[in-house]
Amino acid sequence: MSERIYSGGCLCGAVRYEIAGEVSSPCFCHCASCRRASGAPMVPWGTFARAALRVTRGALREYRSSAQVWRGFCAQCGTALTYRRDTRGAEIDVTLATLDDPAAIRPLMHVWVAERLPWVVIADDLPQFPGGMTG
């Protein structure tokens, strides 16, 4: 059985990617950093093996958004595409909404709920964590 390959890209189409394999920890992140990076009240992420990401068109630009975090984006249209943390070097997170089939991976939890905007109502029964998945 071959592994699943997901494809996706940015708004303008300048950056296209494929990512293969199993997703872990699909979540909605409510942290202030993700909100500012995306311009949205929360961001759906899925974690993959970093080696499984292949950019098939264009180039992923990265910005160091904090001491240990790199955020990948399209330099042409600004679409937020990836997140990687130095302490998790073998992993990369992909914004699930940039997949060609964004319904293919459903977030299974909410993280950084302590930073949730007060007007965001979480109306599902998914687990909620005040910080990351451990806290």
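The values are calculated or read from the model by the stated rules, or taken from the named source; none is laboratory data. All figures in this text were calculated on a predicted structure; none of them were measured in a lab. Note: ideal-geometry Cβ built from the backbone for every residue, glycine included; neighbour counts use all protein chains shown.
Could you check how many residues of the range 68-101 are among the hydroxyl-bearing types (Ser, Thr, Tyr) and on the phi > 0 side of the Ramachandran plot?
Step one: list which residues in the range 68-101 are among the hydroxyl-bearing types (Ser, Thr, Tyr), which gives 79, 82-83, 87, 95, 98.
Now restrict to residues that are on the phi > 0 side of the Ramachandran plot: none.
Count: 0.
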Check your understanding: Any residue in the range 16-25 that is more than 14 Å from the chain's Cα centre (by Cα), closer than 30 Å to Ile122 by Cβ and loosely packed, with under 14 Cβ neighbours inside 10 Å?
Key -> yes
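Taking into account only those residues within the range 71-92 that are surrounded by fewer than 16 Cβ atoms within 10 Å (Cβ to Cβ) and in contact with a strand residue (DSSP E or B) (Cβ under 6 Å, 6 or more places away or on another chain), which is farthest from Ala14 (Cα to Cα)? So that I can check it myself, show each step before the final result.
Keep residues of the range 71-92 that are surrounded by fewer than 16 Cβ atoms within 10 Å (Cβ to Cβ), which gives 75-78, 85-90.
Narrowing further to those that are in contact with a strand residue (DSSP E or B) (Cβ under 6 Å, 6 or more places away or on another chain): 75, 85.
Details: Ala75: 9, Arg85: 24 Å.
Result: Arg85.
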Expected output for the range 37-61 (first residue at positive phi and touching a residue at least 12 places away in the same chain (Cβ under 8 Å), partner of a type outside the set (Phe, Trp, Tyr) and not in a loop (DSSP other than H, G, I, E, B), Cβ below 7 Å, 6+ apart or cross-chain) is Gly58/Arg16
Over the range 79-90, the set of residues free of Cβ contacts under 8 Å to residues at least 60 places away in the same chain, of a type outside the set (Phe, Trp, Tyr) and closer than 13 Å to Ala37 by Cα is Ala80, Thr82
Going through (1) within 30 Å of Asp125 (Cα to Cα); (2) part of a strand (DSSP E or B); (3) out of contact with any helix residue (DSSP H, G or I) (no Cβ under 7 Å at 6 or more places or on another chain) one by one, Cys34 fails only at (2)
Meets criteria (β-branched (Val, Ile, Thr) and loosely packed, with under 14 Cβ neighbours inside 10 Å) for Ile5
yes
Taking the range 59-68 and keeping only residues that are among the small types (Gly, Ala, Ser) and in a strand (DSSP E or B), one is left with Ser65, Ser66
Quick count over the range 41-80, residues being modelled with pLDDT of 95 or more and under 21 Å from Phe129 (Cα atoms), is 8
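Listed residues Arg106, Arg116; which is surrounded by 14 or more Cβ atoms within 10 Å (Cβ to Cβ), charged (D, E, K, R) and over 14 Å from Ser7 (Cα atoms)? So that I can check it myself, show each step before the final result.
Working: Arg106 fails: surrounded by 14 or more Cβ atoms within 10 Å (Cβ to Cβ).
Within the list Arg106, Arg116, the selection yields Arg116.
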- Item | Test: residue in the range 27-37 that is touching a Ser or Thr at 6+ places or on another chain (Cβ under 7 Å), aliphatic (A, V, I, L, M) and under 17 Å from Trp112 (Cβ atoms) | yes
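Of all residues in the range 65-78, how many are over 18 Å from Arg35 (Cβ atoms) and either out of contact with any Gly (no Cβ under 8 Å at 6 or more places or on another chain) or β-branched (Val, Ile, Thr) (or both)?
So the count comes out to 4.
So how many residues does the range 69-106 have that are over 15 Å from Pro26 (Cβ atoms), assigned to a loop (DSSP other than H, G, I, E, B) and not hydrophobic (A, V, I, L, M, F, W, C)? Break it down stepwise before answering.
Looking only at the range 69-106, we keep the residues that are over 15 Å from Pro26 (Cβ atoms), and these are 69-81, 84-90, 100.
Those still in the list that are assigned to a loop (DSSP other than H, G, I, E, B) too: 74-79, 89-90, 100.
Filter once more, so that each one left must be not hydrophobic (A, V, I, L, M, F, W, C): 76, 78-79, 89, 100.
Here the count works out to 5.
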